[in-house]
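Below: the structure, in structure tokens.
Coordinate-derived values only; no laboratory data. From a predicted model like this one, the values you see are computed outputs, not experimental measurements. Methodologically, a virtual Cβ is constructed for each residue, glycine included, from the backbone with ideal geometry; neighbour enumeration extends over all protein chains shown.
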Amino acid sequence: MDLSYGPEYEAFRQEVRDFIEANRDRAPKGAGLRDPATLEWQKLLIENGYAARTIPREYGGYGAEPDILKSRIIAEEFARGQLSQGLGGQGISMLVPTLLEMGTEEQKRQFIAPTLRGEMVWCQGYSEPGAGSDLASLSTSAKLDGDEWVVNGQKIWTSTAHLADWIFCLVRTEPDAPKHQGISFLLFRMDTPGIEIRPLVDMTGAANFNEVFFTDVRVPKDQIVGARGQGWAVANAILGHERDSLGNPDATLSRLNALIELMRHETIDGVPVIEHPVYRDRLMKLQGRVLAMRCNDLRVLSSRVNGTGGTGLARLINKLQGTELRHELEGFAVDVMGEIGLAYGDNPYLRGHGSWQNQYMYFLGLIIGGGTSQIQKNIISERGLGMPREPKIQKG
Ligand SMILES: Cc1cc2nc3c(=O)[nH]c(=O)nc-3n(C[C@H](O)[C@H](O)[C@H](O)COP(=O)(O)OP(=O)(O)OC[C@H]3O[C@@H](n4cnc5c(N)ncnc54)[C@H](O)[C@@H]3O)c2cc1C
């Protein structure tokens, strides 16, 4: 098996490496979403074609012809250099590709460029207290009143709602239609009167998600993506992009490289942890699984390059494997640090600002967010392996 991409692409790889080395110091170090350093870095990446690479220039992207191998090389090199490949989040990773596929021209022009620049932050209003895995049971309603939708109801687990400028939100517009056909996909500002946000503290100690209440929230009629009652198709397009972004094998590879460095520095009785056979054994097992994920990703890649298709199953595996593997990898790093692994908050002995402990807990959440592991297994078995579908309760 030849895993090299050929001379033209290796020259491109060198270009990316040179960029990384020349600009490494400008990369933000754990800075927040709105931090000027983060926004500057994002701008630099877009200008050089390392973020928003194939998004047309008229929508604020770099405008390159799609070349899957070049995109792949960029991802690999940024992971290798342990450098941020710019902003992600629900706006950039999920809404932008969906708007490109399904938005109107006006929506593309209004929303994509500021989202890519990090100036328009989005949150995702899907889950409700009575609708999580069974999302189509959602009951937040939107009724048309003249030129406006009037939204009432509640969302829950809404990540970054407290930071977001806008929300993409699933609402029920046809209460009498079968449940999958009565849903619409609305976009509206988070400072619209009638929206109340209540933070929910998660196990990391931070309030990363929220409850969001809507009381007579008025939304212009044309702020809908797709046709009225056809929001389920838009919702599913978003979920596909979400699954891809949550199980990212490049980010996992980057963390594996950081873990190896950590194991070289931490010691047990004066000997680096990486030389300890029990820890090496655990590292090898994790490394094997990270490489298996990378091969899975290459399988998807080569099928996309050759246009052979048939990678449905390989893509579905990503979210399930990626989030569970990442949780284990971060947990292993906590073990590697021994008693320092138990430190948290502002403890002066923390390694990497406590990111290992934080990510260990955060990725436990991501095993649930974007569809739980159990639901991913259902999808893999039914759509990927063609096994019998589970009984639909609503059909008796
Ligand atoms: C960190 C995090 C961030 C999130 N961010 C967002 C966000 O930004 N926006 C948003 O809308 N939502 C968000 N969510 C919510 C997330 O999408 C839901 O938690 C998830 O879909 C599960 O729904 P639920 O919590 O209602 O659990 P339930 O659906 O009630 O599931 C409870 C348990 O039953 C199992 N189960 C349910 N149905 C089946 C089945 N058919 N077969 C087998 N097992 C089943 C589930 O796997 C789970 O273990 C986030 C969640 C987390 C943890």
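For this structure, a couple of remarks:
- At most 13 other Cβ within 10 Å, DSSP loop - trypsin sites (Lys or Arg not before Pro), the stretch 1-90: K29, R34
- For the stretch 244-249, backbone phi angles converted through the Karplus equation (6.51, -1.76, 1.60; θ = phi - 60°) give residue-by-residue couplings of 4, 6, 6, x, 4, x Hz, Gly and Pro being listed as x.
- Among H265, H162, H241, a tally of other beta-carbon atoms within 10 Å of each Cβ gives an order, fewest to most, of H265, H162, H241.
- Kirkwood Rh and Cα Rg combined as Rg/Rh, the stretch 122-229: 0.97
- Virtual paramagnetic centre 7 Å along Cα→Cβ of E174, amide N under 17 Å, in the stretch 231-258: 231-236
- Cross-link partners of K43 among lysines, defined as those whose alpha carbon lies under 28 angstrom from its own and excluding same-chain residues fewer than eight positions apart: K29, K70, K108.
- Note on the chain: Cα convex hull, mean projected area over all directions, 21.9 nm².
- Base-10 log of normalised Debye intensity for the stretch 7-87 (one unit scatterer per alpha-carbon) at q = 0.12, 0.18, 0.26 Å⁻¹: -0.33, -0.74, -1.34
- Between the beta carbons of R383 and V271, assuming R0 = 51 Å, the FRET efficiency works out to 0.55 to the nearest 0.05.
- Considering only alpha-carbon pairs that sit under 8 angstrom and 6 or more positions apart, the relative contact order computed for the chain is 12 percent.
- Taking the C-alpha atoms only, the angle from helix 7-23 to the longest principal axis of the chain is near 90 degrees.
- Residues of type lysines that K377 reaches as a straight line, Cα spacing below 16 Å, ignoring anything fewer than 8 places off in the same chain: K319
- Under the criterion of Cα pairs below 8 Å and six or more residues apart, the relative contact order for the stretch 80-215 equals 21 percent.
- Vicinal HN-Hα couplings computed from phi for the stretch 48-62 (Karplus, 6.51 cos²θ - 1.76 cosθ + 1.60; Hz; Gly/Pro x): 9, x, 9, 9, 6, 4, 9, 7, x, 4, 5, 10, x, x, 8
- Comparing L144, N208, G338 along the charge dipole axis of the chain, the residue lying farthest to the positive side is L144, per the Cβ-charge model.
- Straight-line reach from K221: taking Cα to Cα under 12 Å and skipping same-chain neighbours fewer than 8 places apart, the aspartates and glutamates in range are D145, D147, E148.
- Euclidean distance of C-alpha centroids, the stretch 369-384 and the stretch 1-78, integer Å: 31
- Model label points for S137 and R264, set 7 angstrom from Cα along the Cα-to-Cβ axis, are 5.2 nm apart.
- Sum of -39500 (n - 2.57) over DSSP H runs of 4+, divided by residues of the chain (222 nm, nearest 500): -14000 deg cm²/dmol
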